[in-house]
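Let me begin by presenting the structure, written as structure tokens, before commenting on it.
The values are calculated or read from the model by the stated rules, or taken from the named source; none is laboratory data. The model shown is predicted, which means the values in this text are computed figures rather than measured ones. In this analysis, Cβ positions are derived from the backbone assuming ideal geometry, glycine residues included, and neighbour counts consider all displayed protein chains. When the accessible area is computed, the model is the full protein with side chains, heavy atoms only, and any ligands, DNA or RNA have been set aside. Shrake-Rupley method; radii C 1.70, N 1.55, O 1.52, S 1.80 Å.
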Amino acid sequence: MRRIWRHPKIVLGGVLLSALVLLSLAAPWIAPYDPIELDVVHRLRPPSGAHWFGTDAYGRDILSRTLYGGQISLLIGLSVAALASVVGTTIGLVGGYVRWLDATVMRVMDGLMAIPGILLAVAMLSLTRASVQTVIVAITIPEIPRVVRLVRSVVLSIREQVFIQGAITSGSRLPRILFRHVLPNALAPIIVQATYICASAVLIEAYLGFLGVGTPPEIPSWGNIIADGRNFVQLAIWNVTFPGLFLGGMVLSINVLGDGVRDLLDPRIARRM
Amino acid sequence: MLGLVIRRILATIPVMLVVALVVFLLLHLSPGDPAAIIAGENATSEDIERIRATLGLDRPLVLQFVLWIADLLRGDLGVSVYNHVPVTTLIAQRVEPTLSLAVCTMILAVSLAVPLGIVAAWKVGSWIDHAIMGLAVISFSCPVFLIGYALVFQFSRTWKWLPVQGFTPMSQGVGPYFAHLALPALALGLVYMALLARMTRSTMLEVLAEDYIRTARAKGLGAGAVLLRHALKNAAVPIVTTIGLGVALLIGGVVVTESVFAIPGIGRLTIEAVTQRDYPVIQGVILIASMVYVLINLAIDLTYSLLDPRIRY
């Protein structure tokens, strides 16, 4: 625990992230207005005492919407990181260990990696009715190959080591070898990768919302607030700057935290990223 | 040598096949009837049948895939469901803005990132290193629309130096062309630069720890000679590889940046196609974008396996 305080990145990222998480979770109690309540009389008002972050084209309070928007970003960031890590790790473990599967798995991953992630997500979302769940799946799938490649590289480097051979000789079955012996060695880089995926998922969710294909427009996610505000950006730049700063702040804090955790766990794994 | 080149080229075929399969299956694995999805919510059953027949969706899946691949190999990406123009024509009409933005961004990012990464690695642990890396993590955490709108606010609205948005083809004058490209390329370039600077730094750090660097320093070479002639030469391969792999991110960034600056490129085409449920166009864009990515990486791969005699796979 004391080691953590010697890593300023973990402290810095952690404090900023905790502040943003607390603000988002406390939104129902601290938000001054209902985030979806329309008030057309007070539309596009600049920041003031009544509306600290101003109002949008429908008179909705940007501060309240931004606070609630953090919940969506957190939900999507954490879900994507968890889902991509679990699925990617499973595929990577099996693919890296079972030789006859390896080539096929890696060709599929190479193919997936060749498709620009945002385009793949946009295409998937264009076919389904957008919901928070479909957005999570659409952001997760392009992230999986990165986890698979990382886990596979760890598996390949320890597959031939004595303790694995020992486990095989003593009659351990494949799932036990993978999850009891191989996985613990891959855990540190997976955790670091998961934080970076979380940061990237928060950003991509906002991009998809901004492009108008993400989370359903009635949900006040940061991407949606900015998408609503972009047509009025010349008149009311606060529609974009405040949610944008919260978004940038959250992505930054997760990335800095990830760098810190990477330095803490093992400085060498930086090279595998 | 020729064998190597042929092997590398052949290795891209399974990758492109997987891309094609994913793009093909997207439409068919999605819940619901693909023809109905494309037709939209207000379509009559005749509309749906017409789309089913034009896209050949009534045929067996395997046959559809084979026919589709055969069309692709002939350079036929299908016809837009919305305005019945060949997809290749639609994409060709939108190539110039997208390509201009991507190339300008790339040049800007690489020419800033490589020197910054080298300096950070050379001065590792110093305040210069911390400042460069701090700026890097801030700029790649920053959403590109935030940087974009901030630049527009300052350069176009306050100072009135540059146009707010849009695109002018090169044929209408080099001045307006670059004036329109400057802000989008800067916005996206800052994000991309940050990623490359981080990678350049970590690669240079590895190279600078090698024995031959110590030898070069020991024999009294100056900082410039050690960094450029010995270190950068050896770090070049991983740096260029990173630049190549980053093209996928760059393409994603271009899509968002085009929307910020109302640039009528392939990114806008994709978003228009999504709102019009013009599936052949979406498929075509993804295929072309992935192919560009694969070809750029193939070219990088071939170039340095030809230039660097140590690389023989």
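Hand me the list of helices (runs of 4 or more DSSP H) wholly inside segment A:182-273 holding 1 or more residues that are farther than 30 Å from B:Q165 by Cβ and of a type in the set (S, T, N, Q). So that I can check it myself, show each step before the final result.
On the way: elements: A:183-211, A:222-229, A:238-265.
In segment A:182-273, the matching helices (runs of 4 or more DSSP H) lie at A:183-211, A:238-265.
Could you tell me whether any residue of segment A:70-81 is touching a Gly at 6+ places or on another chain (Cβ under 6 Å) and open to solvent by 40 Å² or more (accessible area, probe 1.4 Å)? Walk me through how you get there before you give the answer.
Initial filter on segment A:70-81 (touching a Gly at 6+ places or on another chain (Cβ under 6 Å)): none.
No, that holds for no residue.
Any chance you could count how many residues in segment B:228-249 are more than 11 Å from chain A (Cβ to nearest Cβ) and over 14 Å from the mean Cα position of the chain (by Cα)?
Total meeting the criteria: 12.
For A:V105, indicate whether it is closer than 21 Å to A:N185 by Cβ and either free of Cβ contacts under 8 Å to residues at least 60 places away in the same chain or open to solvent by 10 Å² or more (accessible area, probe 1.4 Å) (or both). Write out each step before concluding.
On the way: closer than 21 Å to A:N185 by Cβ: yes; either free of Cβ contacts under 8 Å to residues at least 60 places away in the same chain or open to solvent by 10 Å² or more (accessible area, probe 1.4 Å) (or both): yes.
Against the criterion (closer than 21 Å to A:N185 by Cβ and either free of Cβ contacts under 8 Å to residues at least 60 places away in the same chain or open to solvent by 10 Å² or more (accessible area, probe 1.4 Å) (or both)), A:V105 qualifies.
Of the residues B:A223, B:A179, B:A218, B:A231, which is open to solvent by less than 20 Å² (accessible area, probe 1.4 Å) and either aliphatic (A, V, I, L, M) or closer than 30 Å to B:F153 by Cβ (or both)? Before you say what the answer is, go through the steps one by one.
On the way: B:A223 fails: open to solvent by less than 20 Å² (accessible area, probe 1.4 Å); B:A179 fails: open to solvent by less than 20 Å² (accessible area, probe 1.4 Å); B:A218 fails: open to solvent by less than 20 Å² (accessible area, probe 1.4 Å).
Within the list B:A223, B:A179, B:A218, B:A231, the selection yields B:A231.
When you scan segment A:176-197, do you find a residue that is closer than 29 Å to B:L151 by Cα, within 14 Å of the chain's Cα centre (by Cα) and of a type in the set (S, T, N, Q), even just one? Steps first, answer last, please.
Keep residues of segment A:176-197 that are closer than 29 Å to B:L151 by Cα, which gives A:196-197.
After this cut, where a residue has to be within 14 Å of the chain's Cα centre (by Cα) as well, the list is A:196-197.
Checking which are of a type in the set (S, T, N, Q) leaves us with none.
The answer is no; no qualifying residue exists.
Would you say A:L203 is closer than 19 Å to A:G88 by Cα, open to solvent by 10 Å² or more (accessible area, probe 1.4 Å) and aliphatic (A, V, I, L, M)? If you could, list the steps in order and put the result at the bottom.
Values: closer than 19 Å to A:G88 by Cα: no; open to solvent by 10 Å² or more (accessible area, probe 1.4 Å): yes; aliphatic (A, V, I, L, M): yes.
No; evaluated as a whole, the condition is false for this residue.
A:I4: at pLDDT below 80, part of a helix (DSSP H, G or I), within 28 Å of B:I138 (Cα to Cα) and out of contact with any Cys (no Cβ under 7 Å at 6 or more places or on another chain), yes or no?
Values: at pLDDT below 80: yes; part of a helix (DSSP H, G or I): yes; within 28 Å of B:I138 (Cα to Cα): yes; out of contact with any Cys (no Cβ under 7 Å at 6 or more places or on another chain): yes.
Yes, satisfied.
Could you pull out the residue among A:T169, A:T140, A:T215 that is farther than 22 Å from A:T90 by Cβ, surrounded by 22 or more Cβ atoms within 10 Å (Cβ to Cβ) and away from every other protein chain (no Cβ under 11 Å)?
After applying the criteria, what remains is A:T215.
Does B:V164 fit the bill of being surrounded by 15 or more Cβ atoms within 10 Å (Cβ to Cβ), within 14 Å of chain A (Cβ to nearest Cβ), in contact with a Phe, Trp or Tyr (Cβ under 9 Å, 6 or more places away or on another chain) and at pLDDT below 85? I'd like the intermediate steps shown before the answer.
On the way: surrounded by 15 or more Cβ atoms within 10 Å (Cβ to Cβ): yes; within 14 Å of chain A (Cβ to nearest Cβ): yes; in contact with a Phe, Trp or Tyr (Cβ under 9 Å, 6 or more places away or on another chain): yes; at pLDDT below 85: yes.
So B:V164 fits the description; yes.
What helices (runs of 4 or more DSSP H) lie completely within segment B:1-114 and have 1 or more residues being basic (K, R), open to solvent by 30 Å² or more (accessible area, probe 1.4 Å) and within 14 Å of chain A (Cβ to nearest Cβ)? Step through it out loud before you land on a result.
On the way: elements: B:2-29, B:34-39, B:45-54, B:61-73.
Here the list reads B:2-29.
In segment B:134-161, which residues are open to solvent by 40 Å² or more (accessible area, probe 1.4 Å) and either more than 10 Å from chain A (Cβ to nearest Cβ) or at pLDDT 90 or above (or both)?
Answer for segment B:134-161, where residues must be open to solvent by 40 Å² or more (accessible area, probe 1.4 Å) and either more than 10 Å from chain A (Cβ to nearest Cβ) or at pLDDT 90 or above (or both): B:L135, B:I138, B:Q154, B:F155, B:T158, B:W159, B:K160, B:W161.
Of the residues that sit in segment B:250-264 and are under 15 Å from A:I226 (Cβ atoms) and surrounded by 24 or more Cβ atoms within 10 Å (Cβ to Cβ), which one is nearest to the other protein chains (Cβ to nearest Cβ)?
In this case the residue turns out to be B:V256.
Enumerate the pairs (first residue in segment B:283-312 and aromatic (F, W, Y); second residue anywhere and open to solvent by 30 Å² or more (accessible area, probe 1.4 Å)) with beta-carbon separation below 9 Å, excluding pairs fewer than 6 apart on the same chain, so at least 6 apart or on different chains.
Pairs found: B:Y293/A:M113; B:Y293/B:L245; B:Y293/B:I251; B:Y304/B:A236; B:Y304/B:V237; B:Y304/B:V240; B:Y304/B:T241.
Going through A:Y68, A:Y33 one at a time, which residue ends up being among the hydroxyl-bearing types (S, T, Y) and in a loop (DSSP other than H, G, I, E, B)?
Numbers: A:Y68 fails: in a loop (DSSP other than H, G, I, E, B).
Exactly one of A:Y68, A:Y33 is among the hydroxyl-bearing types (S, T, Y) and in a loop (DSSP other than H, G, I, E, B), namely A:Y33.
I'd like the full set of residues that are within 21 Å of A:P35 (Cβ to Cβ) and more than 9 Å from every other protein chain (Cβ to nearest Cβ), limited to segment A:191-212.
A:V202, A:E205, A:L208, A:G209
If you take the residues in segment B:265-286 that are more than 9 Å from chain A (Cβ to nearest Cβ) and in contact with a helix residue (DSSP H, G or I) (Cβ under 6 Å, 6 or more places away or on another chain), which one is most open to solvent (accessible area, probe 1.4 Å)?
B:R268
If we keep just the residues of segment B:115-133 that are aliphatic (A, V, I, L, M) and in contact (Cβ under 8 Å) with a residue 12 or more places away in the chain, which is most open to solvent (accessible area, probe 1.4 Å)? It would help to see each step written out before you state the result.
Looking only at segment B:115-133, we keep the residues that are aliphatic (A, V, I, L, M), and these are B:116, B:118-121, B:124, B:128, B:131-133.
Subset that is in contact (Cβ under 8 Å) with a residue 12 or more places away in the chain: B:116, B:118-121, B:124, B:132-133.
On the way: B:L116: 60, B:I118: 15, B:V119: 62, B:A120: 0, B:A121: 2, B:V124: 79, B:I132: 24, B:M133: 34 Å².
Per the criteria, the residue is B:V124.
Is at least one residue of segment B:293-313 of a type in the set (G, A, S) and closer than 27 Å to A:G111 by Cα? Working first, answer last.
Narrowing segment B:293-313 to residues of a type in the set (G, A, S): B:299, B:305.
Still in the running and closer than 27 Å to A:G111 by Cα: B:299, B:305.
Scanning segment B:293-313, I find at least one residue that is of a type in the set (G, A, S) and closer than 27 Å to A:G111 by Cα, so the answer is yes.
Collect the residues in segment A:21-59 that are among the aliphatic types (A, V, I, L, M), out of contact with any Phe, Trp or Tyr (no Cβ under 7 Å at 6 or more places or on another chain) and either open to solvent by less than 80 Å² (accessible area, probe 1.4 Å) or within 20 Å of A:I219 (Cβ to Cβ) (or both), keeping them in residue-number order. Even if it seems obvious, please write down each step before you answer.
Of segment A:21-59, the ones among the aliphatic types (A, V, I, L, M) are A:21-23, A:25-27, A:30-31, A:36, A:38, A:40-41, A:44, A:50, A:57.
Of the ones still in play, those that are also out of contact with any Phe, Trp or Tyr (no Cβ under 7 Å at 6 or more places or on another chain) are A:21-23, A:25-26, A:30, A:36, A:41, A:50.
Matches in segment A:21-59: A:V21, A:L23, A:L25, A:A26, A:I30, A:I36, A:A50.
State which residue is nearest to B:V274 (Cα to Cα) when the search covers only segment A:228-246 and only residues that are within 9 Å of another protein chain (Cβ to nearest Cβ) and open to solvent by 10 Å² or more (accessible area, probe 1.4 Å).
A:R230
With respect to B:R201, is the statement that it is over 30 Å from B:L27 (Cα atoms) and surrounded by fewer than 19 Cβ atoms within 10 Å (Cβ to Cβ) true? Explain how you work it out, then say what you get.
Working: over 30 Å from B:L27 (Cα atoms): yes; surrounded by fewer than 19 Cβ atoms within 10 Å (Cβ to Cβ): no.
No.
Criterion first (in a helix (DSSP H, G or I), more than 12 Å from every other protein chain (Cβ to nearest Cβ) and either modelled with pLDDT of 90 or more or open to solvent by 10 Å² or more (accessible area, probe 1.4 Å) (or both)) does A:V147 satisfy it?
On the way: in a helix (DSSP H, G or I): yes; more than 12 Å from every other protein chain (Cβ to nearest Cβ): yes; either modelled with pLDDT of 90 or more or open to solvent by 10 Å² or more (accessible area, probe 1.4 Å) (or both): yes.
The answer is yes for A:V147.
Among the listed residues B:A209, B:A225, B:A187, B:A216, which satisfies the condition of being out of contact with any helix residue (DSSP H, G or I) (no Cβ under 9 Å at 6 or more places or on another chain) and more than 10 Å from every other protein chain (Cβ to nearest Cβ)?
Details: B:A225 fails: out of contact with any helix residue (DSSP H, G or I) (no Cβ under 9 Å at 6 or more places or on another chain); B:A187 fails: out of contact with any helix residue (DSSP H, G or I) (no Cβ under 9 Å at 6 or more places or on another chain); B:A216 fails: out of contact with any helix residue (DSSP H, G or I) (no Cβ under 9 Å at 6 or more places or on another chain).
Going through B:A209, B:A225, B:A187, B:A216 in turn, the sole match is B:A209.
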